[in-house]
1. Can you tell me how many residues in the stretch 409-426 are under 13 Å from the mean Cα position of the chain (by Cα) and under 21 Å from residue 83 (Cα atoms)?
2. What's the number of the only condition in (1) surrounded by 22 or more Cβ atoms within 10 Å (Cβ to Cβ); (2) over 21 Å from the mean Cα position of the chain (by Cα); (3) at pLDDT below 80 that residue 336 fails to meet?
3. Can you name the residue in the stretch 100-120 that is touching a residue at least 60 places away in the same chain (Cβ under 8 Å) and touching a Ser or Thr at 6+ places or on another chain (Cβ under 9 Å) and, of all such residues, is most open to solvent (accessible area, probe 1.4 Å)?
4. Test residue 158 against the criterion of being open to solvent by 20 Å² or more (accessible area, probe 1.4 Å), hydroxyl-bearing (Ser, Thr, Tyr), touching a residue at least 12 places away in the same chain (Cβ under 8 Å) and not in a helix (DSSP H, G or I), and give yes or no.
5. Of the residues 188, 148, which is touching a residue at least 60 places away in the same chain (Cβ under 8 Å) and hydrophobic (A, V, I, L, M, F, W, C)?
6. If you scan the stretch 106-127, which residues turn out to be aliphatic (A, V, I, L, M) and in a loop (DSSP other than H, G, I, E, B)?
7. Can you pull out the residues in the stretch 21-48 that are in contact with a helix residue (DSSP H, G or I) (Cβ under 7 Å, 6 or more places away or on another chain) and either free of Cβ contacts under 8 Å to residues at least 24 places away in the same chain or aliphatic (A, V, I, L, M) (or both)?
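The values are calculated or read from the model by the stated rules, or taken from the named source; none is laboratory data. Note that the structure is predicted; figures quoted are calculated from it, not measured. Glycine also receives a Cβ, built like all others from the backbone with ideal geometry; neighbour counts cover every protein chain displayed. The protein model used for the area step is the full one, side chains on, heavy atoms only, and it has no ligands, DNA or RNA in it. Shrake-Rupley method; radii C 1.70, N 1.55, O 1.52, S 1.80 Å.
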Amino acid sequence: MESVNVPSVRSSDKLLSVSRIATLVGSILVALSSGTNYAYSAYAPQLGARLRISHTQLNIVGSAGNMGGNLTGPVWGHIIDYKGPSLPLVGASICFIIGYLGIKQMYDSGVGDGATLPALLFASLVACSFVTGMGSNAAINAVLNTTAKKFPSTIRATAAGLVLSGLGLSAFWLTTLAYALFPGNTSAFLLILALGTAFPTLAGLLIIRSVSLPPATYSTWDAANEGYEPIPVVGDVGASVSVLDVHVEADPAIPLSNGQEPMLELDTPDICRKQLCLDPDFHLLFIIMGISFWGCCHSSSVIDINNVGSISQALYAKTHAVYDDIEASKWQAAQVSILSLGNFAGRIAIGSFLSDFTHTHLHLPRAYCLCIVSSLFIVSQATAIAVSSVKTLWIATLLSGFAYGSLFGSFPVIMIDRFGMAHFSENWGYLLLSSPIGANLFSLLLGYNLDTHIPVDNTSSVALGSRELPSEHQCFDGKACYLGTLQVTLVACIVSLGLSWWVGIRDGQKARVRNVCVRE
């Protein structure tokens, strides 16, 4: 294999320069405003009560937010890869305003006594949730791309994990702010979601600058060994350049248009679109994300993210002779905050530090971190099955949030290592298309289980205190309301552990072959 070494040129002397720190801070600010789908459970039961919709319908609304981010991922990714973060950040702000103000308007209007929500209004509610998902994906994809380009591979996972940890804290700080300023006021909370997402995202435009790729390089070792043709990043050079020998550093003297900053380095392959679809490793990651993680592991967290409010209410109703809606809402808000904190911790601990430690110090593929993530999901699901009291639900919620944060903190850098930085955002968007296969299916399954345990005669043996949620839309059977769904997700998480181990073995084999090529 012929290889051409690309000479290194000047780069920044400091690993943590002022420019990089500013980009990181701005990206975290935007991320803190982008994870509002995680706060859905903080207002979902109240929304269902106000609009008189079932748990299944509530899960359709929550799933629409997830779908809005996943289905539009490739489009936003393409724009980010070629145009930079500015346009997606503006689009995200608009989506947040439209989506959350639309939901607020429908919540404020409500429905009449004994009436049901018309199909057209329900479709509008789903559409507003979908739009908020679009905004969330646009914002986090833009800042994640910029951060990944800005930092070298040795600390890239740490920097990306810090940004993603902000995403995990979104629900915590927004619900805490709303509870401090307007306790028990769902309408005010929706207003905070609209303004608290749109304005920080616009503020990110003043801090975050587009980062360009190096002038020219090929990254073809993996593609050639899979039977693909080389894919140039920019330009056309005559000789094949091995990804193992490329270490291009940006030259500050090279003028860049549109105020863009040069990327520090590019030492990864460049696989996208047709080549991506033909790559067996992408197929395997897609299956893991779709059937195992998104369909099982992630969906188990979606069950908590979208339904932890309903689960906490079900457990509270089972163990309290008098159902006090105000007291139940406190448990509900606490679970959402705990989930957010666990999400934050998982992105930092596994997605950032352990991922970089595995890659830099242990010299193992980052894909092995997926085995740890799968194991965490198994533990979280087993714990959730064992919990029978609202007072101990926080343990399962914390573990589930930690596992979910670990998942989302690990996968982006694994994608960069395997498929390259040049089309990372678009490739990441294609991977997220796996979500509809499983995540929303399991979330809807939980909603169905909750609805099937609702008393048929619209009465309950539980005496109701002050109560906003109608009894016909509440499950009072405790753990039985959701146990069947968690048993299914536990089995699926075990399957994901086996698939994750397979990915790690494959990446390890590829690394050994690369080392042999270097010695030869």
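1. Qualifying residue count for the region: 1.
2. For residue 336, the exception is condition (2).
3. 108
4. Answer is no for this residue.
5. Answer to the selection: 148.
6. Listed by number, the residues that qualify are 111, 115, 117.
7. Of everything in the stretch 21-48, those that are in contact with a helix residue (DSSP H, G or I) (Cβ under 7 Å, 6 or more places away or on another chain) and either free of Cβ contacts under 8 Å to residues at least 24 places away in the same chain or aliphatic (A, V, I, L, M) (or both) turn out to be 24, 28, 29, 30, 31, 32, 39, 42, 44, 47.
Okay, residues lined up against (1) surrounded by fewer than 20 Cβ atoms within 10 Å (Cβ to Cβ); (2) modelled with pLDDT of 90 or more; (3) touching a Gly at 6+ places or on another chain (Cβ under 9 Å); (4) within 28 Å of residue 448 (Cα to Cα):
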{"site": "30", "(1), (2), (3), (4)": "no, yes, yes, no"}
{"site": "55", "(1), (2), (3), (4)": "no, no, yes, yes"}
{"site": "70", "(1), (2), (3), (4)": "no, no, yes, yes"}
{"site": "78", "(1), (2), (3), (4)": "yes, yes, yes, no"}
{"site": "94", "(1), (2), (3), (4)": "yes, yes, yes, no"}
{"site": "97", "(1), (2), (3), (4)": "yes, yes, yes, no"}
{"site": "124", "(1), (2), (3), (4)": "yes, yes, yes, yes"}
